[in-house]
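First the structure, in the form of structure tokens, and then the observations on it.
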Amino acid sequence: MPNASASGANPQWGGRFSAAPDRVMAAINASIGFDRQLWRQDIAGSRAHAAMLAHCGIIAREDEQAIAGGLDAIAAEIADGRFVFDPALEDIHMNIEARLAERVGEAGKRLHTARSRNDQVATDFRLWVRDAIDGLDAQARELMAALADRAAEHAADPMPGLTHLQPAQPVTLGHHLLAYVEMIARDRGRLADCRRRLNECPLGAAALAGTSFPIDRAMTARALGFDRPAANSLDAVSDRDFALEFLAALALLASHLSRFAEEIVLWTSPAFGFLRLSDAFTTGSSIMPQKRNPDAAELVRAKSGRITGALVALLTVMKALPLAYGKDMQEDKEPVFDAAAAAALALAAMAGMARDLRPDRARMAAMAGAGYATATDLADWLVRVLGLPFRSAHHVTGRIVAAAEARGCDLAALPLAAMQEVEPQITAAVFEVLSVAASLASRRSEGGTAPALVAARAAIWRERLAGEGGR
Ligand code: ARG
């Protein structure tokens, strides 16, 4: 055990300790099992800190060079899987710092000047969340692009529009898919807001009160791509709003994906029969040979549970923590890592399914008119052509629907005479508005489902998304 001191106490802080921690103490205290994920950010933060210390004359240039070289070598060790993580050194910060001292001696021991693990971990974690946001944003963009492509392809294909899961009015499949494009665009907006607010650098807040060394916080902030140093040292080390905002944005994103996943589950069920997923996105049953299960969609639906759970977990950890740092805050990372990984997988699965799904156009078109879905079109006609007040038109239409139901036919097949029994002024012209195609084409109000509008909106999205493709 190269890192252990003679007493068994932690060599990074064991000066006033004469014995090793209890086994349980060590077990509950160690975070290296998960915070090793921060290694890239930790090394970047240390390099920036060392460069600033040298620039400000706080450590010698040669020491900074030794530190930078040592950190590069450690990065290579970790990347190659050669680094030995020692749980006795608690976390990623002390594992790297101890290894640095092993590699470059005295110089390595100067790295922690004017710094604390409190500002270090806050900085590393912000950098990690920032990277995660960038990765998830690119994935969300991919999903939007897939949906916009499919929406363009199906801009005019009718499907039942439902409310209460009951036939309401016909819509197009393209319109339905674009509804998710709008949602995911808002999710990306929330992630971008979170990124903007998190981009302040805690480094230099030290343990909680700042430092007596003449550091240059603007320099480290700049080097790490932050917009500015965080203004208050207590806030800098105790704030985890960025992690909570990130989780809140992911929880909402996940709930959107879950709604879409649920629709895929329903639509691929033979009872609906709207869609088919290929072998690539379905699984079979070990007992029922006929089965084709939408497992990926079901798992996306379930991911929203664990992502929302992560948000609630961290809110609960943070809610009554006195300033400044408390070790409770070490529990911030696992929910965030887990939620980010779950969101990445869910986005990838949804993009895959969006490209894979094969709509049964004939079945969807047949169902689009079922359940008297053009009844509103009839009522609107009574208002527009006969001048009835809408409330009266609604009543007349209800009676005509009841007449059709009694005969077991749909509205378009109901004889004119039967309609005139309810409202004598109705003419044969009414049949022009009762088809699904006419209903769809008439929904021309801004944001409506008319195929021309859907095609135009899909084109706008495809152009926008292609424009940011190289970002
Ligand atoms: N592993 C710790 C965490 O994740 C690092 C900060 C520890 N700071 C301290 N004063 N013990 O929060």
Give the number of residues within region 74-101 that are in a helix (DSSP H, G or I) and either within 16 Å of the ligand (Cβ to nearest atom) or surrounded by 13 or more Cβ atoms within 10 Å (Cβ to Cβ) (or both).
17
Taking the residues in region 207-229 that are crowded, with 23+ Cβ neighbours inside 10 Å and not in a helix (DSSP H, G or I) as candidates, determine which candidate is farthest from the chain's Cα centre (by Cα).
Ile215
Among (1) closer than 23 Å to Arg188 by Cβ; (2) open to solvent by less than 70 Å² (accessible area, probe 1.4 Å); (3) not basic (Lys, Arg), where does Ile460 come up short?
(2)
Test result for Lys291, open to solvent by 30 Å² or more (accessible area, probe 1.4 Å), more than 18 Å from Val129 (Cα to Cα) and either within 16 Å of the ligand (Cβ to nearest atom) or at pLDDT 95 or above (or both):
no
Glu262 - would you say it is of a type in the set (Asp, Glu), modelled with pLDDT of 95 or more and within 16 Å of the ligand (Cβ to nearest atom)?
no
Check Ala132 against each of (1) open to solvent by 20 Å² or more (accessible area, probe 1.4 Å); (2) away from the ligand (no atom under 16 Å from the Cβ); (3) under 30 Å from Ala207 (Cβ atoms) and name the one condition it does not meet.
(1)
Residue match in region 198-205 (condition: modelled with pLDDT of 95 or more and either of a type in the set (Val, Ile, Thr) or in a helix (DSSP H, G or I) (or both)):
yes
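Listed here are the residues, each with its yes/no results for (1) surrounded by 15 or more Cβ atoms within 10 Å (Cβ to Cβ); (2) within 16 Å of the ligand (Cβ to nearest atom).
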| residue | (1), (2) |
| --- | --- |
| Gln12 | yes, yes |
| Met25 | no, yes |
| Ile32 | yes, yes |
| Leu38 | yes, yes |
| Leu53 | yes, no |
| Gly57 | no, no |
| Gly70 | yes, no |
For Met52: the one exception among (1) assigned to a loop (DSSP other than H, G, I, E, B); (2) in contact (Cβ under 8 Å) with a residue 40 or more places away in the chain
(1)
Could we say that His112 is within 16 Å of the ligand (Cβ to nearest atom) and without any contact (Cβ under 8 Å) to a residue 40 or more places away in the chain here?
yes
Per-region count, region 261-282, residues surrounded by fewer than 18 Cβ atoms within 10 Å (Cβ to Cβ) and farther than 11 Å from Ala297 by Cα:
9
Looking only at region 160-177, how many residues end up being open to solvent by less than 10 Å² (accessible area, probe 1.4 Å) and in contact with a helix residue (DSSP H, G or I) (Cβ under 6 Å, 6 or more places away or on another chain)?
4
Which pairs do you get when a residue that is farther than 19 Å from Ala249 by Cβ, found in region 318-339, comes within reach of a residue that is among the charged types (D, E, K, R) and away from the ligand (no atom under 12 Å from the Cβ), reach meaning Cβ atoms under 9 angstrom, with the pair 6+ apart or on two chains?
Leu323/Asp235; Ala324/Asp235
Looking at Ala155, Ala101, Ala88, Ala107 in this structure, which one is more than 26 Å from the chain's Cα centre (by Cα) and free of Cβ contacts under 8 Å to residues at least 12 places away in the same chain?
Ala101
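The values are calculated or read from the model by the stated rules, or taken from the named source; none is laboratory data. Just so it is clear, the structure is predicted and the values come from calculations on it, not from any experiment. Note that each Cβ is placed from the backbone with ideal geometry, even for glycine, and that neighbours are counted across all protein chains shown. These area figures cover heavy atoms from the full protein model, side chains too; ligands, DNA and RNA do not enter into them. Shrake-Rupley method; radii C 1.70, N 1.55, O 1.52, S 1.80 Å.
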